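Okay, so here's the structure we're looking at.
All of the numbers you see were taken from the coordinates with simple rules; none came from a lab. Everything quoted here is computed from the prediction, not taken from an experiment. Using ideal geometry, Cβ is built from the backbone for each residue, glycine included, and neighbour counts are taken over all protein chains shown.
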Amino acid sequence: MRNTIEMVMGAVVLIIAGAFLWLALSFTNFQSGESISVEAVFGKIGDLKTGDDVRISGIAIGSVAATRLDPDLFEARVVMDIDPAYAIPDDSVIRVSSTSLLGGSHIDIVPGISLDTIAEGHVFYNTLDPVNLTDMIGKAIFSDGQSGQ
């Protein structure tokens, strides 16, 4: 009798664990498909981290695969994995944007007008650094009201 109860409880635990795994994968936009790896060069990236979204018009089309510092030029380099189904013009602007006022960041791609599109290994140099909200508030509070002087 005791072995039967243990087997039933074990099966229940496995079913619950499977349900949590399915739930986690469905909420994280898990993609097992192909992707192309591209890179963008920034002066600074704020609190952007690996796993953050890459978006166009607010729609996630990829994720940040890695961030690193160029040891020679001291520039931030961001590697992104992007769904190849999107033909992104090679003159697009890449910017780091805040996800919300509570924190978090993502990469926002503003499509350009070029007919040439990105491919594996493309490097974006037309980038915009994130705006630091604290710096902006400080400038507004401590400005002396004089413009252009």
### Task
Mind listing the long-range amide H neighbours of T117? Cut-off is under 5 Å, sequence gap 5 or more, other chains count too, H placed in the peptide plane at 1.01 Å from N.
D90
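Counting helices only, and only those DSSP H runs with n ≥ 4, report the 222 nm mean residue ellipticity of the chain as the sum of -39,500 (n - 2.57) divided by its residues, in deg cm²/dmol to the nearest 500.
Value at 222 nm, helices only, nearest 500: -8000 deg cm²/dmol.
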#### Entry: Long-range HN-HN contacts of D52 with modeled amide H, under 5 Å
V64
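Can you pull the Rg over Rh of the chain, Cα-only, Kirkwood?
Working: Rg = 22.0 Å, Rh = 18.4 Å.
Looking at the chain, the ratio lands at 1.19.
Please order M9, M1 by the number of other Cβ within 10 Å, starting at the fewest.
Details: M9 10, M1 5.
In increasing order of surrounding Cβ atoms, one gets M1, M9.
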### Task
Write out the GluC sites (Glu not before Pro) in the range 1-108 meeting two conditions: DSSP loop, and at most 11 other Cβ atoms within 10 Å of their Cβ.
E34
### Query
Residue by residue through the range 117-131, which ³J(HN,Hα) values in whole Hz follow from phi under the Karplus form 6.51 cos²θ - 1.76 cosθ + 1.60 (θ = phi - 60°), with glycine and proline marked x?
10, 6, 9, 3, x, 4, 10, 8, 10, 8, 10, 10, 6, x, 8
## Note on the structure
HN-Hα couplings for the range 50-58 via Karplus (6.51, -1.76, 1.60; θ = phi - 60°), in whole Hz with x for Gly/Pro, come out as 4, x, 5, 6, 10, 10, 10, 6, x
